[in-house]
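Presented below is the structure to which this report refers.
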Amino acid sequence: MAAYQPLALIAGDEEDLKTLSALMQDAIVKIADIAYLQDERRFVLMANRFVWEKKRGFFSKGMRVRTGIHFDDVTAVKARGVRMDAKDAVIDILSMEYEGGEDGGAITLNLAGGGTIRLEVEAVNATVNDVSEPWRASRKPDHELG
C-alpha cells in the first residue's frame, strides 16, 4: 500500500473550487473550529475530511484526516440554518459552490440538513492543507441517490 500523501492545494478560480469541493465532501466540522477573522478578511475552519482520493477496498470504511481550509478576501459571512453560537454542534459539508458577481461573488458551503454558510468574497482564494496522519473512519459516507 502506498504511503499517504497529505493534501496541499490552492483554489484561485471556480474550477479549482470544484476540485476542493469534491475533496471536502463529507468533511465533519465542529462549530468551535470555525472562525471569521474580519480584520484579516479570512474565514478558517478545521475539519475531519474523508479521504476520497485514496483507493480503498469494497468493504473498507476508508480514512479521515484533519484538514485546515481558509478562504481569503472575505468581506462578509452569513449562516443560514446553522447555529454558529452552538460551539459543540457538528456540521457536515456536502459541497462548495461559487457564484460570481460584478464586484466579486459568493462561496456557499452547503451542509447536510439544508444549512449554508455563505462567504461574500472579492475573488476565489482558498487553501486546503492536511495537518495530521490519516486514521480509519468509523463509517463510510453514504448518500441516497435520487
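Rule-based calculations on the coordinates, nothing more; no lab input. Since we're looking at a predicted model, the values are computed, not measured. Cβ atoms come from the backbone with ideal geometry, glycine included; neighbour counts cover every protein chain shown.
Structure summary
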read-out	value
Proxy reagent accessibility, fewest Cβ within 10 Å first, across 10, 31	10, 31
Charge dipole (debye, nearest 20) of the chain; +1 at Cβ of Lys and Arg, -1 at Cβ of Asp and Glu	1080
Cα-centre dipole for region 63-132 with unit charges at Cβ (Lys and Arg positive, Asp and Glu negative), debye to 20	460
Residue of 105, 62, 81 that the Gaussian network model of the chain assigns the largest fluctuation, springs spanning Cα pairs under 10 Å	81
Residues 63, 24 arranged by fewest to most Cβ contacts within 10 Å	63, 24
Of the chymotrypsin sites (Phe, Trp or Tyr not before Pro) in region 10-116, those whose Cβ has at most 13 other Cβ within 10 Å and which sit in DSSP loop	58, 59
Lys pairs, the chain - Cα-Cα below 29 angstrom, 8 or more residues apart or on other chains	19
Taking 96, 84 and counting other C-beta atoms within 10 Å, the order from fewest to most	84, 96
Karplus-derived HN-Hα couplings along region 38-50 (A = 6.51, B = -1.76, C = 1.60, θ = phi - 60°), whole Hz, x at Gly and Pro	4, 5, 8, 6, 10, 10, 10, 8, 10, 9, 9, 8, 6
Largest-first principal axis extents of the Cα set of the chain (Å)	46, 33, 30
Unit charges at the beta carbon, dipole of the chain: most positive-side option, 89, 110, 21	89
Over the chain, relative contact order from alpha-carbon pairs under 8 Å, at least 6 apart, %	32
GluC sites (Glu not before Pro) within region 1-85: DSSP coil, no more than 15 neighbouring Cβ in 10 Å	53
Sparse-neighbour loop sites [trypsin sites (Lys or Arg not before Pro); region 75-145; at most 12 other C-beta within 10 Å; DSSP]	83, 87, 139
